[in-house]
Amino acid sequence: MNQKENKRYERLSSSSKKQLVIESDQVLHELQTEFTDNLSGMDYFYGVAHQFARGQLSNQEKRKYIATSCVQVPIELIYAAGALPVRTCSGAHSMSMAGAEFLPARSCSLVNATFGVIHT
């Protein structure tokens, strides 16, 4: 890639990640406020989800990642292999928009979102 393409890619990656944080915050806020019967124990999980969305959780053990696009892949097998699971299709609009920057206009949203996650 040339320098101009690198800068474009960096801007796209940065803006997509920021938008994903906003989308994640909105969903978590809805979960916390619209479900009035939330258990107090859920606060821990909401906190972890907020940290994850902001990139504040790190892979300190430097384990390998195994990416899947299907939610029916048993993550227990991935953990048993000593790796960390990554869902490449988050369903997030920001990831679909990021992928659309690289793919033909008529690509399906699943492909766009997957490509967006991989390239941001």
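None of the figures in this text is laboratory data; all of them are computed from the coordinates on show. All values reported here derive from a predicted model rather than from experimental measurement. Please note: Cβ atoms are built from the backbone with ideal geometry, for glycine as well, and neighbour counts cover all protein chains shown.
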Among (i) 112; (ii) 87; (iii) 143, find the value of volume of the Cα convex hull per residue in Å³ that was calculated from the structure presented, and write down its label.
(iii)
Taking R0 as 30 Å, what's the FRET efficiency between residue 46 and residue 14 from their Cβ-Cβ distance, rounded to 0.05?
0.75
Ranked packing of 94-107, 26-39, 5-18, most packed first, by mean Cβ within 10 Å:
94-107, 5-18, 26-39
Cross-link reach list, aspartates and glutamates versus residue 64, counting only Cα pairs under 17 Å and skipping chain neighbours closer than eight places:
76
Any chance you could run the full-extension gain for residue 106 through residue 68? It's 0.36 nm times the residue separation minus the Cα-Cα distance, nm to one decimal.
11.4 nm
Angle in degrees between helix 3-34 and the longest Cα principal axis of the chain, rounded to the nearest 10:
20 degrees
List the residues, sorted by chain then number, that are 5 or more residues from residue 107 or on another chain and whose placed amide H is less than 5 Å from its amide H.
none
When the Karplus curve 6.51 cos²θ - 1.76 cosθ + 1.60 is applied with θ = phi - 60°, which whole-Hz ³J(HN,Hα) does each residue of region 79-87 get, with x for Gly and Pro?
5, 4, 7, x, 10, 10, x, 10, 7
Give the separation of the Cα centroids, region 1-19 to region 72-111, in Å.
19 Å
Under 25 Å Cα-Cα from residue 62, which lysines qualify once same-chain neighbours fewer than 8 residues away are excluded?
17, 18
